[in-house]
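**Student:** Quick one: this structure, given as structure tokens, is what I'll be asking you about.
Coordinate-derived values only; no laboratory data. As the structure is a computational prediction, the values presented were derived from the model and not from experiment. Don't worry about glycine lacking a Cβ; one is built from the backbone with ideal geometry, like all the others, and counts go over all protein chains shown.
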Amino acid sequence: MRISYNWLFSLGIIATFISSILLSCQKDSLITDSSAKLTFSTDTLRFDTAFTQIGTAVYSFRIHNTHNQAIKISRIYLPGKNGKKSFFDLNIDGNAGNDLKDIEIPANDSIYAFVRVTINPNLPLSISPYVITEDLIFETNGNTQKVILEAWGQDANYIPSKTSNGKVAILNGNGQEIVWGDSKPYVIYGILLLENVKLTLPAGTRIHVHGGIAKNDSLGGRYNDGIIYVFPTAKLNVKGTKENPVIFEGDRLEDDFKEEPGQWGGIILGAGSTDNVFEYATIKNSIIGIRMDSASSMRILNSRIFNIAGNGIQASHATIYGENNLIYNCTSDALRIVYGGNYQLNYCTIVSYGQDAIALKFSNTICYDQFCNNFDTYPLYARFNNCIFFGSKVDQIDISNKLHQTKPQEIDYQFINCVFRIRELLTKGDYQNFLTNTQDCVQGSSLDRLFVKPDNDDYHLDSLSIADGKAFPIPNINIDLENVNRDAIKPDVGCFEKIK
């Protein structure tokens, strides 16, 4: 419902006048019990409007007092965000303002709350984002309650709709390719399942996923929302370019959220989903970057995964071919491989600075209990060429094989012309002979010059980098992540070639 805000103020004055007459006739005693709470006609007030130009919308809800005595709301307010003015304006029972005090509701009665939102979608996304949310706070008898206000500021493709958070939707292409080629961004709500479709995302496509804690009893209760899930019958085909990458991130683009991890669930390549492609993709600010279930596969080229609350890539019995990729700022291990599989990475930089985690952990084992007393194994084949595995901790590589004594051959790995940081791996555990499976690698330490400034996430090579000129040429990989030509004879290790 859309109403003139001036008319609302008039309505509020009339409502206040009528209320004052009724209250003067009978003044109820106030309930002061701390267990006495308000009820609301909705827990989330959604303004189902996407503005393409400066505009205003007004919606309302009711605040109920279900008790047999009058109740006083000591304070109703919009706290704003980080000192910025709210997009919303309030009129509660004829009282206008965003911080109201001592609002009374008679026994077994209710009042109206009118909320106006004013949007200027032409402002930058950091000011007028795709999704605008704020809590409207009610303080009563020591209780704090809230109603969530939610509006849409920018014009976008909302998939499947603006009210799908906490729900599951299926994108079924009936065996055909679907291309998301609109210049407007795509904002995904809830869990999006790709089924019987090849979803192609051309260069420049922007995907914003709305995350947060959702509740759905059919999905087991509360969970982290905002997931893109690829079924075995589907493929995700990401075709960015250096100039126009395909970007996956959350929908909160205010300055305080730009680099915040864990804002949305992540991308899951379901068991048996094969031939997925990520070229020049940026995946950021999620709980997990890409999770690959059993027998899934992907090619990932010239891509960046960062600011992740879990693993950058988590693969189980999967197949990965990757080149010129950069993975960093992951709260858990940047690349975690379990239960074997087949992996080849060329010219990748995978780092873990400032985290209680490491760059690379791989294993042929999958555990079914906390202490891994019940487990299965599957052969693992891994080749790492011209890659960097570095970070804050003294060991940035960890290997595990529960059957090492009887089946050491189940893990077949080689590191060729790589730069890594290890120490205790060579003195403890089953892989003290780790270096016998390496060739022409550089074992670095915290004292070595490697990157320009890892504290600022600048992983270009330092002028005196130990990775400079230490790679070997790989046919058909002639450029780096930024399209800089690789040296034909002595290229550099990692995703960036140092400009000579």
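**Student:** So, how do all the Cα-to-Cα distances of the stretch 156-202 break down into 10 Å bins, in percent, from 0 on up?
**Tutor:** Percent of pairs per bin, in order: 28, 52, 21.
**Student:** Taking the Cα centre of each part, how many Å lie between the stretch 82-122 and the stretch 276-339?
**Tutor:** 44
**Student:** Once you place label points 7 Å from the Cα toward the Cβ at VAL168 and ILE127, how far apart are they in nm?
**Tutor:** The modelled label-to-label distance comes out at 4.2 nm.
**Student:** Where nothing but the Cβ of Lys and Arg (+1) and of Asp and Glu (-1) is charged, how large is the charge dipole of the chain around its Cα centre, in debye to the nearest 20?
**Tutor:** Taking the Cα centre of the chain as origin, the dipole is about 280 debye.
**Student:** Under the rule of at least 5 residues apart or a separate chain, name every residue whose amide H is placed under 5 Å from the amide H of SER303.
**Tutor:** TYR280, ALA281, ASN325, LEU326
**Student:** Given bins 20 angstrom wide, list per bin the percent of all Cα-Cα distances in the chain, short to long.
**Tutor:** For the chain, the pair-distance distribution reads 21, 43, 25, 10, 1.
**Student:** How large is the Rg to Rh ratio of the stretch 27-68 when both quantities use alpha carbon positions and Rh follows Kirkwood?
**Tutor:** Result for the stretch 27-68 is an Rg/Rh of 1.21.
**Student:** Also: Stokes-Einstein diffusion coefficient for the stretch 383-500 at 25 °C in a medium of 0.890 mPa s, Rh from the Kirkwood formula over Cα pairs: what value in µm²/s?
**Tutor:** Estimated diffusion coefficient is 160 µm²/s.
**Student:** A further question on this structure: When TRP180, TRP152, TRP264 are ordered from fewest to most other Cβ atoms inside 10 Å of their Cβ, what list results?
**Tutor:** In order of increasing Cβ crowding within 10 Å: TRP180, TRP152, TRP264.
**Student:** Also: Taking the simple approach of a point 7 Å from Cα along Cα-to-Cβ for both GLN370 and GLN405, what is their distance in nm?
**Tutor:** 2.5
**Student:** A further question on this structure: Can you give me the long-range amide H partners of LEU45? Hydrogens built in the peptide plane at 1.01 Å from N, cutoff under 5 Å, separation of 5 or more residues or another chain.
**Tutor:** ILE148, LEU149, GLU150
**Student:** I need the phi-derived Karplus couplings for the stretch 304-309: 6.51 cos²θ - 1.76 cosθ + 1.60, θ = phi - 60°, integer Hz, Gly and Pro marked x.
**Tutor:** 10, 10, 7, 6, 10, 7
**Student:** What lysines could a cross-link reach from LYS402, if we take a straight Cα to Cα line under 17 Å and drop same-chain neighbours fewer than 8 places away?
**Tutor:** LYS361, LYS428
**Student:** So, by mean Cβ neighbours within 10 angstrom, what's the order for 365-376, 276-287 with the highest one leading?
**Tutor:** 276-287, 365-376
**Student:** Can you flag which of LYS84/LYS284; LYS85/LYS258; LYS198/LYS498; LYS37/LYS258; LYS72/LYS167; LYS84/LYS239 are past 29 Å Cα-Cα?
**Tutor:** LYS198/LYS498; LYS37/LYS258; LYS72/LYS167; LYS84/LYS239
**Student:** Report P(r) for the stretch 88-139: all Cα-Cα distances, bin width 5 Å, range 0 to the bin holding the largest distance, values in whole percent.
**Tutor:** Percent of Cα pairs in each bin: 4, 15, 23, 19, 14, 11, 7, 4, 2, 0.
**Student:** For the stretch 232-239, what does the Karplus curve 6.51 cos²θ - 1.76 cosθ + 1.60, with θ = phi - 60°, yield as ³J(HN,Hα) per residue in whole Hz, taken in order and with x for Gly and Pro?
**Tutor:** So the J values, rounded to whole Hz, are x, 8, 10, 9, 10, 10, 9, 10.
**Student:** Right, here's the next one. Using the 10 angstrom Cβ neighbour count as an exposure proxy, how do CYS441, CYS348, CYS330 rank, fewest first?
**Tutor:** In increasing order of surrounding Cβ atoms, one gets CYS441, CYS348, CYS330.
**Student:** Something else: Given R₀ = 25 Å, FRET efficiency for GLN344-LEU426 by Cβ-Cβ distance, to 0.05?
**Tutor:** 0.55
**Student:** Counting other C-beta atoms within 10 Å, which of VAL117, VAL452, VAL238 has the fewest, and how do the rest follow?
**Tutor:** Least crowded to most crowded, the residues run VAL452, VAL117, VAL238.
**Student:** Can you work out the FRET efficiency for the pair LYS453 and GLN69, with r the C-beta to C-beta distance and R0 = 51 Å, to the nearest 0.05?
**Tutor:** The computed FRET efficiency comes out at 0.20.
**Student:** By how many nm would the segment from ASP33 to THR233 lengthen if fully extended, with 0.36 nm per residue of separation less the alpha-carbon distance?
**Tutor:** My answer for the length gained is 66.3 nm.
**Student:** Ok, one more. Per-residue HN-Hα couplings for the stretch 356-365, Karplus 6.51 cos²θ - 1.76 cosθ + 1.60 at θ = phi - 60°, whole Hz, x for Gly and Pro?
**Tutor:** Result, ordered by residue: 8, 7, 10, 6, 9, 10, 9, 7, 9, 10 Hz.
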